[in-house]
Amino acid sequence: MSTAEQQPESTTSSTTSATSDALLGPADIRELAAVLGVRPTKQKGQNFVIDANTVRRIVRTAEVRPDDVVVEVGPGLGSLTLALLEAADRVTAVEIDDILAAALPATIEARMPERKDRFALVHSDAMLVEELPGPAPTALVANLPYNVAVPVLLTMLDRFPTIERTLVMVQAEVADRLAAEPGNKVYGVPSVKANWYAHVKRAGSIGRKVFWPAPNVDSGLVSLVRRAEPIKTTATKAEVFAVVDAAFAQRRKTLRAALAGWAGSAAGAEQALVAAGVSPQARGESLTVEQFAAIAEHKPAAERPAL
């Protein structure tokens, strides 16, 4: 990771300077937190971005367009929310914290009153949200709490198929796992499941100093562009994911052994693997999502109990 990648941008373009006062800086964040009596907690995975140039960089990297309807998960005090409102048509923020959810609309109205009608808040756990107000979202941009990043990301992609483009900031290790390709030592369940929905790649790194409090880990940006066409398979998502979970539950074992429970026996697993064109001696970390789908299609039928 290069030093240039880790540091926040230090210059502001003339095109954004006119509205720079609307965004939250370090003093604004701390003052707002003090007024609300908020202290970021490790339990909730809260680390607030305090650098305006960093949030603008995130919006640019996400390629947010003027016609986008963006959903943001975990807006916190509103740093990224304000930057998104500068660029998108509409922003819907999903916030679980009672105090932060209550304060965010007032922050938007105070700092960007001309855009307040383009903002909506959903006070809920993102894992429980099944519908959003207003037009269907076209993009997801979020600084995801480290402790729930992967399940929240996968849930949002699953429930809102209109989301075409996603950019999330997550712990660097999580970013590496999401963007890993077959054969990489960190390739695993998050990698395969994210690939079910989208083409995934690393989109940059974020240093620790742009957060309050500064985390003990680096952060990474991950870009996900939804597949134009779903994976071609007769298996359902649940059936494919069951194979993925089984394969990586015992990742050091060959697939013949690792999938024995899923298939009913080692012999059954071998039968499914051979039918799918996959070596029974292969390991899960070497397979693409398409290969996992092929295996799911050939799951042996459950043996009928003897009468």
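The values are calculated or read from the model by the stated rules, or taken from the named source; none is laboratory data. Just so you know, these numbers come straight off a predicted model, no measurement behind them. With ideal geometry, Cβ positions are generated from the backbone for all residues, glycine too; neighbour counts draw on all protein chains shown. Only protein heavy atoms, including side chains, enter the accessible area calculation; ligands, DNA and RNA are left aside. Shrake-Rupley method; radii C 1.70, N 1.55, O 1.52, S 1.80 Å.
Summing Cβ point charges (Lys, Arg +1; Asp, Glu -1) relative to the Cα centre of the chain gives a dipole of roughly 900 debye. Across the options P145, A266, A93, the greatest Cα extent toward the positive end of the charge dipole of the chain (unit charges at beta carbon of Lys, Arg, Asp, Glu) belongs to A266. Just the protein heavy atoms count here, and of the accessible area of segment 156-307 at 1.4 Å, carbon and sulfur take up 51 percent. Comparing A62, Y197, S286 along the charge dipole axis of the chain, the residue lying farthest to the positive side is S286, per the Cβ-charge model.
Near E130: Cβ cut-off under 13 Å, other residues only, Lys/Arg at +1 and Asp/Glu at -1. The net charge is -2. Solvent-accessible surface of the chain, taken per residue with a 1.4 Å probe and all protein chains present: 48 Å². Karplus-derived 3J(HN,Hα) values for segment 109-120, using 6.51 cos²θ - 1.76 cosθ + 1.60 with θ = phi - 60°, are 5, 6, 9, 8, x, 5, 10, 4, 6, 9, 10, 9 Hz; glycine and proline are entered as x.
The base-10 log of I(q)/I(0) for segment 29-114, evaluated at q = 0.15 Å⁻¹, reads -0.54 [Debye formula, identical scatterers on Cα atoms, solvent excluded].
Against the main long axis of the alpha-carbon atoms of the chain, helix 26-36 sits at an angle near 90°. Here's the list of aspartates and glutamates a cross-link from K232 could span, going by alpha-carbon distance under 19 Å and ignoring same-chain residues fewer than 8 apart: D158, E164, E290, E297. For the pair V274 and A238 in one chain, pulling the backbone fully straight at 0.36 nm per residue adds 10.8 nm over the alpha carbon distance. In this label model, D98 and E130 are separated by 2.5 nm, measuring between points 7 Å along each Cα→Cβ vector. Using Cα pairs closer than 8 Å and at least 6 residues apart in sequence, work out the relative contact order for segment 162-202, in percent. Reported as a whole number, the value is 34 percent.
When Rg and the Kirkwood Rh are both derived from Cα coordinates, the Rg/Rh ratio for segment 251-294 amounts to 0.91.
Projected onto their three principal axes, the Cα atoms of segment 81-191 cover extents of 50, 27, 25 Å, largest first. Working from Cα pairs under 8 Å separated by at least six residues, relative contact order for segment 115-251 is 22 percent.
The alpha-carbon atoms of the chain define a convex hull whose volume equals 151 cubic angstrom per residue. Build a GNM of the chain with springs between Cα atoms under 10 Å apart, and of Q291, Q281, Q171 the one that fluctuates most is Q281. Computed about its Cα centre, the charge dipole of segment 144-224 is approximately 80 debye, with only Lys, Arg, Asp and Glu carrying charge at their Cβ.
Relative contact order for the chain: 15 percent, from Cα pairs under 8 Å spaced at least 6 residues apart, divided by residue count.
What pairs from K116/K237; K201/K237; K185/K237 go past 28 Å between their alpha carbons? Over 28 Å apart, Cα to Cα: K116/K237. Residue by residue, segment 231-244 carries 3J(HN,Hα) couplings of 4, 7, 6, 8, 7, 7, 4, 4, 5, 5, 5, 5, 5, 4 Hz when phi is fed to the Karplus relation 6.51 cos²θ - 1.76 cosθ + 1.60 (θ = phi - 60°); x denotes Gly or Pro. Taking 4 °C and 1.567 mPa s as conditions, segment 147-207 diffuses translationally at an estimated 108 µm²/s according to Stokes-Einstein applied to its Kirkwood radius (Cα pairs).
When restricted to Cα atoms, segment 190-307 yields an Rg and a Dmax of 18.2, 68 Å, respectively. Counting only heavy atoms of the protein chains and using a 1.4 Å probe, D98 has close to 100 Å² of accessible surface.
Among residues other than T234 with Cβ under 14 Å from its Cβ, the summed charge is 0 (Lys and Arg +1, Asp and Glu -1).
Working from label points 7 Å from Cα in the Cα-to-Cβ sense, the H123 to T288 distance is 4.7 nm. Each of W212, G76, A102 was scored by the projection of its Cα onto the charge dipole of segment 71-213, and the greatest displacement toward the positive side belongs to W212; charges sit on the C-beta of Lys, Arg, Asp and Glu.
Evaluated with a Cβ-only charge set (Lys, Arg +1; Asp, Glu -1), segment 218-307 carries a dipole of roughly 80 debye about its Cα centre, given to the nearest 20.
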